[in-house]
Amino acid sequence: MDSEILFRLADRAFRDETPDLERFKRDLALCRGQITAVLASRRQPGTVLVLKGNKPLELRIHRSHRAVLYASDPAFLDAVLADERGWRPLPLEPMTMLVFRHESLMEFSRESFTFIAQGKRGKAP
């Protein structure tokens with residue numbers, strides 16, 4: 001899936017004061033390809049969407065720091081956080097969207113979504 005399409009769909013969903021997540025999920029269901037993304041909007045700077053589709057994404061959460069870190073490979077997070085205490089994995093199944101809001105970061109919501117998942121196309125010889 002072209003990332004530009006993903007951004008435009010999210011932009012349409014963030015037009016009002018409250019993001020229209022149902023519209024965003026309906027639009028995503030029509031897309032095909034590979035998706036994993038972290039999205040924020042200037043219209044809703046206090047809301048962050050984390051989409052885990054069919055590409056890798058690992059998250060770590062620290063409740064007392066009120067922070068979430070992410071990377072495509074857990075080895076990156078493990079290396080950076082090796083000497084840090086309090087970071088815990090935040091499990092996220094494929095086809096799941098997390099919605100974080102700045103005012104209550106630790107009270108995020110979890111939503112499922114669908115799209116037409118496709119593997120990576122082979123390269124021409």
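The values are calculated or read from the model by the stated rules, or taken from the named source; none is laboratory data. Keep in mind the model is a prediction, meaning the values are calculated, not measured. Note: ideal-geometry Cβ built from the backbone for every residue, glycine included; neighbour counts use all protein chains shown. These accessible areas exclude ligands, DNA and RNA; they are computed on the full protein's heavy atoms, side chains included. Shrake-Rupley method; radii C 1.70, N 1.55, O 1.52, S 1.80 Å.
Relative to the Cα centre, the charge distribution of the chain, modelled as +1 at Lys and Arg Cβ and -1 at Asp and Glu Cβ, gives a dipole magnitude of about 300 debye.
Can you tell me which of 71-84, 35-48 comes out highest on packing, and rank the rest after it, using the mean Cβ neighbours within 10 Å?
Ranking the peptides 71-84, 35-48 by packing returns 35-48, 71-84.
Across every pair of non-identical alpha carbons in the chain, the mean reciprocal distance, once inverted, gives a Kirkwood radius of 15.6 Å. Set the Förster radius R0 to 22 Å, insert the Cβ-Cβ distance between E17 and R66 as r into 1/(1 + (r/R0)^6), and round the FRET efficiency to 0.05. So the FRET efficiency works out to roughly 0.40.
Look at the alpha carbon pairs under 8 Å that are at least 6 residues apart: their mean separation over the length of the chain gives a relative contact order of 26 percent. Label 7 Å along Cα→Cβ of E93; the stretch 107-121 residues with amide nitrogen under 17 Å? 109-115, 117, by backbone N distance to the label point.
What whole-number value in Å² describes the accessible area per residue of the chain for a 1.4 Å probe?
66 Å²
Label-to-label distance for R8 and Q118 is 1.7 nm, based on points extended 7 Å past Cα in the beta-carbon direction.
Secondary-structure-derived ellipticity at 222 nm for the chain, considering helices only, amounts to -6000 deg cm²/dmol, per-run term -39500 (n - 2.57) for DSSP H runs with n ≥ 4.
Compared with the alpha-carbon gap, the fully stretched path from K55 to R85 is longer by 8.0 nm at 0.36 nm per residue.
Taking a sphere under 13 Å around the Cβ of K55 and counting the other residues whose Cβ falls inside, with K and R at +1 and D and E at -1, yields a net charge of 0.
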